[in-house]
Amino acid sequence: MGGHEFGAAVRQLRESTAPAAVGLPVGRRRVRGLRREELGELAGMSADYVRRLEQGRSHPSAGVVNAIARALRVGRAEYERLCALAGYAAVAGQVPNEIGPGALGLLERFTDTPMFVSDAAMNLVAVNSAFLALGHWEPTGGPWEWNIAWRTFCDPCRAFQQSATEATVHEAVLVARLRSTLLRYPGDVSLAALVDEMRSRSRPFDTLWRTPRPVTAYESSAAFVQPEGDPVTLVGSLLAIPGDDLAALLLTATPGSADAARLAEIVGVTGGPAVIRVGQSGPG
């Protein structure tokens, strides 16, 4: 990975970090975020060295990457990304799968909206009862039965149906996320095994892996076939959960539509706990 990518990431983080967030006075400022001098002082290096890093003219050591990450007080996901861009495996570089209070709060608050939380390798970590009420996710007993990418490319859920256009968007997002995750967690052996197995089992996945499509939107629609009654068409919107390197997917219907009324009927008969932690035997 070239130094220009690492330098661009450092500059973006520096310019988007509020001075107050790292304990500096705000005052009157003519630039966004932190000055190079301020980042250098916080990280124990000169402003000129920060400039060379940002311009890709100097390759950082692992210690420099750690110092910059500490100075900017970045979360784990950004720290992993900086390490990968600099060519280092981050400490404890396994995909995290602990669900924090922020993700739990989302699941608990949106009880009428089917939702799940997944880790960066796209293993389901927790779902709400509304998601299970759709009845489309059929556990298969396979090693990656709770992995979204695996189920999409290698073992699709029969009650989850998409048009060719929507499937193209959905598949591009899955591959882009897996590629990014493998970059950030190069030391996760089980994640690498998942990718290798998918490339062997699915020609469409292997083609996308070698020649990724650009991702223009992080949402797509699908029809969820019901055992009784008409299918319900929902739009899945992917939301990042900062800090934990998790993501939430919310499934919603067009307000006032027949799909919205049908979804309300389906969710209205759910019972049990609002949040269900699901098993995962894949990466992470």
Some residue of segment 250-265 being among the aliphatic types (A, V, I, L, M), modelled with pLDDT of 95 or more and closer than 28 Å to Gly75 by Cα: yes
Inter-residue pairs, beta-carbon under 8 Å, first closer than 30 Å to Thr181 by Cα and in segment 223-249, second exposed (fewer than 15 other Cβ atoms within 10 Å of the Cβ) and of a type in the set (Asp, Glu), 6+ apart: Asp244/Glu98
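Quick one: which of Leu132, Leu178 is farther than 26 Å from Glu265 by Cα and at pLDDT below 95? Outline the logic, then answer.
Values: Leu132 fails: farther than 26 Å from Glu265 by Cα.
That would be Leu178, the only listed residue that is farther than 26 Å from Glu265 by Cα and at pLDDT below 95.
Examine segment 255-273 for a residue that is over 19 Å from Trp146 (Cβ atoms), assigned to a strand (DSSP E or B) and touching a Ser or Thr at 6+ places or on another chain (Cβ under 8 Å), and state whether such a residue exists.
No, that holds for no residue.
Within segment 152-162, track down each residue that is in contact (Cβ under 8 Å) with a residue 24 or more places away in the chain and either out of contact with any helix residue (DSSP H, G or I) (no Cβ under 8 Å at 6 or more places or on another chain) or not in a helix (DSSP H, G or I) (or both).
Step one: list which residues in segment 152-162 are in contact (Cβ under 8 Å) with a residue 24 or more places away in the chain, which gives 153-154, 158-162.
Selection gives Cys154, Arg158, Ala159, Phe160, Gln161, Gln162.
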Tally, over segment 132-151, of residues that are open to solvent by less than 50 Å² (accessible area, probe 1.4 Å) and either of a type in the set (Asp, Glu) or in contact with a helix residue (DSSP H, G or I) (Cβ under 6 Å, 6 or more places away or on another chain) (or both): 4
Boolean, Ser61 is under 30 Å from Arg179 (Cα atoms) and open to solvent by 20 Å² or more (accessible area, probe 1.4 Å): yes
Sole exception among (1) loosely packed, with under 14 Cβ neighbours inside 10 Å; (2) not in a helix (DSSP H, G or I) for His4, by number: (2)
Residue list for segment 44-58, restricted to those being acidic (Asp, Glu) and surrounded by 14 or more Cβ atoms within 10 Å (Cβ to Cβ): Glu54
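Output the number of residues of segment 59-109 satisfying the condition of being in contact (Cβ under 8 Å) with a residue 60 or more places away in the chain and either on the phi < 0 side of the Ramachandran plot or not in a loop (DSSP other than H, G, I, E, B) (or both).
Residues of segment 59-109 that are in contact (Cβ under 8 Å) with a residue 60 or more places away in the chain, as a first pass: 74-78, 80-87, 89-90, 93-100, 102-104, 106-108.
Of the ones still in play, those that are also either on the phi < 0 side of the Ramachandran plot or not in a loop (DSSP other than H, G, I, E, B) (or both) are 74-78, 80-86, 89-90, 93-100, 102-104, 106-108.
Matching residues across segment 59-109 total 28.
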Scan of segment 53-68 for residues that are at pLDDT 90 or above and of a type in the set (A, V, I, L, M, F, W, C), ordered by number: Leu53, Ile68
Criterion violated by Ala240 - all others in (1) loosely packed, with under 15 Cβ neighbours inside 10 Å; (2) of a type in the set (A, V, I, L, M); (3) in contact with a Pro (Cβ under 9 Å, 6 or more places away or on another chain) satisfied: (3)
Scan of segment 92-103 for residues that are of a type in the set (A, V, I, L, M) and open to solvent by 40 Å² or more (accessible area, probe 1.4 Å), ordered by number: Ala92
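Look at segment 178-220 and say how many of its residues are closer than 24 Å to Thr233 by Cα and either part of a loop (DSSP other than H, G, I, E, B) or open to solvent by 30 Å² or more (accessible area, probe 1.4 Å) (or both).
First pass over segment 178-220, keeping only residues closer than 24 Å to Thr233 by Cα: 215-220.
Subsequent filtering for residues that are either part of a loop (DSSP other than H, G, I, E, B) or open to solvent by 30 Å² or more (accessible area, probe 1.4 Å) (or both) retains 215-219.
Qualifying residue count for the region: 5.
The values are calculated or read from the model by the stated rules, or taken from the named source; none is laboratory data. The structure presented is a predicted model; accordingly, all values stated were derived computationally and were not measured. We place every Cβ from the backbone using ideal geometry, glycine too, and count neighbours over all the protein chains shown. We work out accessible area using only protein heavy atoms, side chains counted, and drop any ligands, DNA or RNA first. Shrake-Rupley method; radii C 1.70, N 1.55, O 1.52, S 1.80 Å.
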